[in-house]
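Engineer: Take this structure first; my questions come after.
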Amino acid sequence: MSQNVNYHKIRYGTAEGEIKFGHVHADNVRSAVMLRSGHTYEHYMTMDGPGGKKFRKHSTNFRGPGAFQVKHGKGVPNNEPGIFLDAESGDVVIRASNGRIRLEALDIDIIATGGDDRGNIQITATDKVITSGNIIDCKAVTAAKFFSNKSVEVVGENVLNMYGGLTEWADGATCVVGSKTATSAIPAIGAITGLFGTSWEQQMKLGFGAPGGLGALFTLL
């Protein structure tokens, strides 16, 4: 890619720093105005204009070898944003390539407002996800699942309460010997479903990839 040339650029500066109008970056994006330190080439801010890739057009960029700090909002009343960031289109990416990301506040809200298939919150870790607090409440409107490829421990050192309108329990032996509660209240249906066991037994025999098990065949009955 050939390098564009701007014959109308202007530069003012000293040994301490410079300001440029019309500077052309290496990717052919033209800077409307650039402010750069004279101590290091990688310390600058630029308000860019046209040229280059789409996300670079009319962008604002800051770069520097030291810390980037913003302290604002001292005179803002309570319950009003002291710092407000809004990406009107596209994503927001906050990345620490060689460090931690830490959020500190009196309260922290994480809210997803999308509709249809959006509105999801995903937390992924290559090692551990650790949650601690005096009280941890988890509530699901439709369904809640907790699955592990190996082991699951539920411990209540003082009291453990478990309740379900209807409950089913199955262990490894259930795959072979079945359950005493596998039959239906309807004799004809009970004789058939007794061959397959409860929905939990069916999932253990057929794999968890068969949601609801074979009991779904008899839901209309």
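The values are calculated or read from the model by the stated rules, or taken from the named source; none is laboratory data. Computed from a prediction, not measured in an experiment: that's the story for all the values here. Note that we place each Cβ from the backbone using ideal geometry, even for glycine, and neighbour counts take in every protein chain shown.
Here is a yes/no grid of residues against (1) part of a loop (DSSP other than H, G, I, E, B); (2) among the β-branched types (Val, Ile, Thr); (3) surrounded by 10 or more Cβ atoms within 10 Å (Cβ to Cβ):
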| site | (1), (2), (3) |
| --- | --- |
| 8 | yes, no, no |
| 35 | no, no, yes |
| 73 | yes, no, yes |
| 99 | yes, no, no |
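Engineer: Report those helices (runs of 4 or more DSSP H) wholly inside the range 118-215 carrying at least 2 residues which are surrounded by 10 or more Cβ atoms within 10 Å (Cβ to Cβ), of a type outside the set (D, E, K, R) and modelled with pLDDT of 60 or more.
Structural biologist: Working: elements: 174-177, 187-196, 199-206.
So the answer is 174-177, 199-206.
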